[in-house]
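The values are calculated or read from the model by the stated rules, or taken from the named source; none is laboratory data. The model shown is predicted, which means the values in this text are computed figures rather than measured ones. All Cβ positions, even for glycine, are placed from backbone atoms using ideal geometry, and neighbour counts span all protein chains on display. Each accessible area value is taken on the protein alone, full model and side chains, heavy atoms only, with ligands, DNA and RNA left out. Shrake-Rupley method; radii C 1.70, N 1.55, O 1.52, S 1.80 Å.
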Amino acid sequence: MRKLSNMKLTPIPTMMLPLASLLAMGLAQAATPTLPAAPLAMPELRISDRAVSADQQAYRVLQERIKKLNDGGVRVGDYYLSKAQCWLDVSFHEYTRNDRSAFPLQALQESAKIVAALEDGSTPNPGDATPLVNDATRLRDDLWHSFTQLRQSPGFACAAQKVACGEVELVHAGNEYKQQGWRHANPYVQLAEDAQAAAQSAAAACPADKPKPEPQPDILPPRIEHERITLDMDALFRFDKAGAADMLPQGIDKIRELAARLKQGYVQIDTLSVTGHTDRLGTDSYNQALSERRALTVKQLLREQGIANVISAYGKGKAEPLVSCEKVAPRAALIACLQPNRRVEIELTGIKSARKD
């Protein structure tokens, strides 16, 4: 968790506003080249139910606007829509990790500017640029150069989503590096590397030079599906463990079954994320680290089972419980009651295999 420095705070009204209010102020100026930086709610307000609820509503509203654009025909793999989604994702990721810097708000504003341009058809779209929000450090010039080359390649249409999210993850990594060093930036650099490799493969295989066949009037276009799969952490890992060597035999079987199901059930997977969750027992930092390690282990095992897509792995610690189990005792009963909170959530979007009669 990042700590606030011992700076003197000037008591201006906007410093007491939650993200939702600040976002509303920022979106009103979305068409301007730059937006004034504004802090998130102060810690004592940000942990209140009212402030957190307002902030989460801001995320929900913007997510619904992205969905509406997709419902209107903008492809999930569209460069701008992908970039808007990835900016929203990294903003929410850092917000749930209690990032007190300007990064969550500024990343969310980038998403909102792209969405606004898609909605009204204005050009150029702000998504053409990838600003280093919150003065993030520019890491890996080789990856930036590669993404620029891919955007100019004939196969860019097939690689647009990977390029967009790879660029955003580089900014995410640069923000983590500036604030907390390489160890915290490393996972997001890895995501950018994975995205670059996948984008190169997709661009090389893209039939950009072939004329597209006319769609048949009696054939519906494939529908992008969204699916969430929840796995019981207690059935995967030994108690308080997180490595591949700590997987239970039935846990290995569950990962194999999941990988087989994904390969058989989908002809195309566009996004796949693994998120670890813990119960409330233990410190925040310990649970955050444990959830991240378990998510990374599941990601690696899925890769070993042949899931070659870019997989995002996150840990949310105890931030999103499903049950509270207040006043449950003794400890053994409390541990059992909190079991639903100890989970791995796998979310993916893609095109499912056609069903046969």
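Couple of notes before you dig in:
- Condition check for residue 178: under 17 Å from residue 89 (Cα atoms), surrounded by 15 or more Cβ atoms within 10 Å (Cβ to Cβ) and not hydrophobic (A, V, I, L, M, F, W, C): no
- Verdict on residue 240 being in contact with a Lys or Arg (Cβ under 6 Å, 6 or more places away or on another chain) and modelled with pLDDT under 90: no
- Residue check, residue 41 crowded, with 20+ Cβ neighbours inside 10 Å, in contact with a helix residue (DSSP H, G or I) (Cβ under 7 Å, 6 or more places away or on another chain), at pLDDT 50 or above and not in a helix (DSSP H, G or I): yes
- Residue check for residue 70: under 18 Å from residue 179 (Cβ atoms) and more than 15 Å from the chain's Cα centre (by Cα): no
- Among the candidates 317, 276, 306, the residue that is touching a Lys or Arg at 6+ places or on another chain (Cβ under 6 Å) and small (Gly, Ala, Ser) is uniquely 276.
- For segment 326-357, filtered to residues that are within 10 Å of residue 280 (Cα to Cα) and not charged (D, E, K, R), the residue that is modelled with the lowest pLDDT is 335.
- Residue that is surrounded by the fewest Cβ atoms within 10 Å (Cβ to Cβ), among those in segment 294-310 that are within 15 Å of residue 229 (Cβ to Cβ) and within 16 Å of the chain's Cα centre (by Cα): 309
- Residue 173 more than 19 Å from the chain's Cα centre (by Cα) and assigned to a helix (DSSP H, G or I): no
- Single residue of segment 271-293 satisfying the filter (aliphatic (A, V, I, L, M) and assigned to a helix (DSSP H, G or I)) that is least open to solvent (accessible area, probe 1.4 Å): 290
- Residue within segment 120-141 that is touching a Phe, Trp or Tyr at 6+ places or on another chain (Cβ under 6 Å), surrounded by fewer than 16 Cβ atoms within 10 Å (Cβ to Cβ) and at pLDDT 95 or above present: yes
- Screening residue 103 against (1) closer than 30 Å to residue 285 by Cβ; (2) touching a Lys or Arg at 6+ places or on another chain (Cβ under 8 Å); (3) open to solvent by less than 40 Å² (accessible area, probe 1.4 Å) leaves a single unmet condition, (2).
- The residues of segment 73-87 that are at pLDDT 95 or above and open to solvent by less than 20 Å² (accessible area, probe 1.4 Å), listed by number, are 79, 81, 82, 83, 84, 86, 87.
- Any hit, segment 269-281, residues being polar (S, T, N, Q), over 25 Å from the mean Cα position of the chain (by Cα), modelled with pLDDT of 90 or more and more than 24 Å from residue 351 (Cα to Cα): no
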